[in-house]
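Peer 1: Right, I'll just put the structure down here and ask away after.
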Amino acid sequence: MSQYYTSVDHFVLVPAILLALFGCAVLLFDFLLFPEPRQRKYLVWFVALGLVFTGGALWRQQHFLSVQKIDSITAFGGTLTIDGFALFFNWIFLAASLIVALISYKYLETAGEHQGEIYGLILLANCGMFFLAAGTDLITLFIGLELMALCFYVMVGFLRGDRRSNEAAVKYLLLGAFSSGFLVYGFSVLYGLSGSTKLAAIRMALESRGASDPLVILALVTVSVGLLFKISAVPFHMWAPDAYEGAPTTVTAYLAAGSKAASFAFLMRMFMGPLAPSRELWEPLLAVVAVASMTVGNFAAITQSNVKRLLAYSSISHAGYILLGLIAGNDTGVQGVLVYVLVYVFMTMGAFLVVAALRRKEMLGEDLEDMAGLVHKSPGYAFLMLIFLLSLAGIPPTAGFIGKYFIFLSLIQTGHYVLAVIATLYVAVAIYYYFRIVRSMFISPLTDRAPAATSLGLKLALAVTGLMTLLIGIYPEPFLSLAQNSLLR
Amino acid sequence: MTGVPLSWFLILSAVLFSLGVAGFLIRRSVLTVFMSIELMLNAVNLSFVAFSYQLKQVNGHLFTFFVMVVAAAEAALGLAIILAVFRNRGTLQVDEVNSMKN
């Protein structure tokens, strides 16, 4: 501890520095270089540039790990750790941010609220996500979480004149702050129990205290409430449908993909780290939450007529599936969680992108009827949506099948047969409501002949998400081995 | 803290936190709900400082500063969002802010 900022510290922190600097620079460029509203779309290129630089920094870290044949680089006295797990999630965050930046300008222009701040917020939220995936200290994780959440509160309420967007923002803000309160209360108990804010030290302290200590249970319960809220698992899911429906669709895509992936990284760090000694306590608790999430998510989705709301409930049920991998807890389970999150990000974003493409000035394009006969109007969008929905339902040869396969495999390997059966049955329910969208697109007659929106960014984003959804399904080996090397131990 | 045992501070913190939770769940005005969240965060600060003093460390104090910063940022953002809601709706009752169908 003689040196406060070593070269190793710097090497680990570079991606976050780049994201923060580019985020602030975009905010400045917005009014210094591009005062005209129609010039704001050039900011997308700055975002892309920032993300490419960040990707380069991450690649250097990945390269360093593989050349030196080490598992992790620790910096700042153990508060930040770059390991395969952190890098895996950071690649996902970068992809999500890039896709959202690409589609945002067209959507926000149509919605009449194209402000340059959105690009700065995307990068700063990504910076928060970096700390969530790489943080190994309670303070770092808490700051990362709040940096991400604060950016999202603003982005959800970005359509200032829209009542639904306001409402979504206020609900997300109040419930988000409420859950952060629980989380940080749990952190204070963990700190009191262990005398340290570092995850490794807390784990050792909890191991020596035993799982049935009432203070350990208090910490476990409060931290779990905070974490389960962030991944929108039942019974802490109430905010998700409203926030997803009211937010601008591009932000919804980011919320469903980036924010949820980051929250899962955080959740895995906590449950596989400091909370691992009390596994016997949280395993049944999480099993109940996972089954409840799948039940509520799948059955509530059946009756929805708003596609964004339907996808929100489906994302609640996906959170349940991902939790199952953590419950199984063996290497296959953790690998399943990583693969599922990767797959989930691309297919969910893809589905929301198609919904965003249907937005016009006078029409929201979010209802099931707005999709009627889409195949006659824009067959490209309709077939891409079909791929995303098949993948969300988990049908081969799409990526969603690979994700579900590993989760189910891990459940069977660890003898959780009942959970495996329940999870499989819910796939049937999911197919039913996803095919309501498919039926509307392919069988219902075309009612609205106005063409769907299109832009270069949207095409690029759809190409990337569609390609990844098919590629991971058809040729999963490289992604599987990447996940295999990114396990949290 | 001479004379006052650690548990008293923790009990006070737990009581304040519970009051915050109760306020969040019971009160109907967005502003009061928001203040309840601040109360929860302050309860957390109290428990951090108490633990920190007990353990003779500065980590807990440090965490308190971060919690305060986050609370301030949240308040600034929250009030801005609440203002936007009030402009568009003219009400701040939680029950009346529910235009989205369930």
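Since every read-out is calculated from the coordinates, none of them should be taken as a lab result. Please read all numbers here as calculations on a predicted model, not as lab measurements. Cβ atoms come from the backbone with ideal geometry, glycine included; neighbour counts cover every protein chain shown.
Peer 1: On each of the three principal axes of the Cα atoms of region A:190-244, give max minus min coordinate, whole Å, ordered largest first.
Peer 2: So the extents along the principal axes, rounded to whole Å, are 42, 22, 14.
Peer 1: List A:391, A:486 from most exposed to least, where exposure is judged by having the fewest other Cβ atoms within 10 Å. Present the calculation step by step, with values, prior to reporting the outcome.
Peer 2: Values: A:391 33, A:486 20.
Ordered by Cβ neighbours within 10 Å, fewest first: A:486, A:391.
Peer 1: Could you put B:100, A:441 in order, starting from the residue whose Cβ has the fewest other Cβ atoms within 10 Å? Kindly include the intermediate steps, with their values, before the conclusion.
Peer 2: Working: B:100 18, A:441 25.
With the sparsest Cβ surroundings first, the list reads B:100, A:441.
Peer 1: Hey, what number do you get for chain A at 222 nm if only DSSP H runs of n ≥ 4 count, each worth -39500 (n - 2.57), divided across all residues, to the nearest 500?
Peer 2: Values: 20 runs with 364 residues, N = 489.
The helix-only estimate for chain A comes to -25500 deg cm²/dmol at 222 nm.
Peer 1: To continue, here is another question. Rounded if a/c is under 1.5, else prolate if a/b beats b/c, else oblate: with a ≥ b ≥ c from the C-alpha gyration tensor eigenvalues square-rooted, which is the protein assembly as shown?
Peer 2: Because its axes are fairly even, with a/c under 1.5, the protein assembly as shown counts as rounded.
Peer 1: Also, quick follow-up: Just check chain B against the gyration tensor rule for me: Cα atoms, a ≥ b ≥ c as the square roots of the eigenvalues, rounded for a/c under 1.5, and otherwise prolate or oblate depending on whether a/b exceeds b/c. Don't jump to the answer; show the numbers that get you there.
Peer 2: Numbers: a/c = 4.09, a/b = 2.20, b/c = 1.86.
Judged from the Cα gyration tensor, chain B comes out prolate (a/c at least 1.5, a/b above b/c).
Peer 1: Got a sec? How would B:49, B:44, A:67, A:341 order by Cβ neighbour count within 10 Å, fewest to most? Walk me through the numbers on the way to the answer.
Peer 2: On the way: B:49 18, B:44 29, A:67 8, A:341 24.
The most exposed by this proxy come first: A:67, B:49, A:341, B:44.
Peer 1: Need one number: nm distance between label points at residue B:27 and residue A:163, each 7 Å from Cα along Cα→Cβ, rounded to one decimal.
Peer 2: 2.5
Peer 1: Hey, another quick one. Can you list residues from other chains, or at least 5 along the same chain, whose modelled amide H is less than 5 Å from the amide H of residue A:80?
Peer 2: A:75, A:136
Peer 1: Which one of B:19, B:31, B:62 has the biggest mean-square fluctuation once chain B is modelled by GNM with Cα springs under 10 Å?
Peer 2: Looking only at B:19, B:31, B:62, the largest GNM fluctuation is found for B:62.
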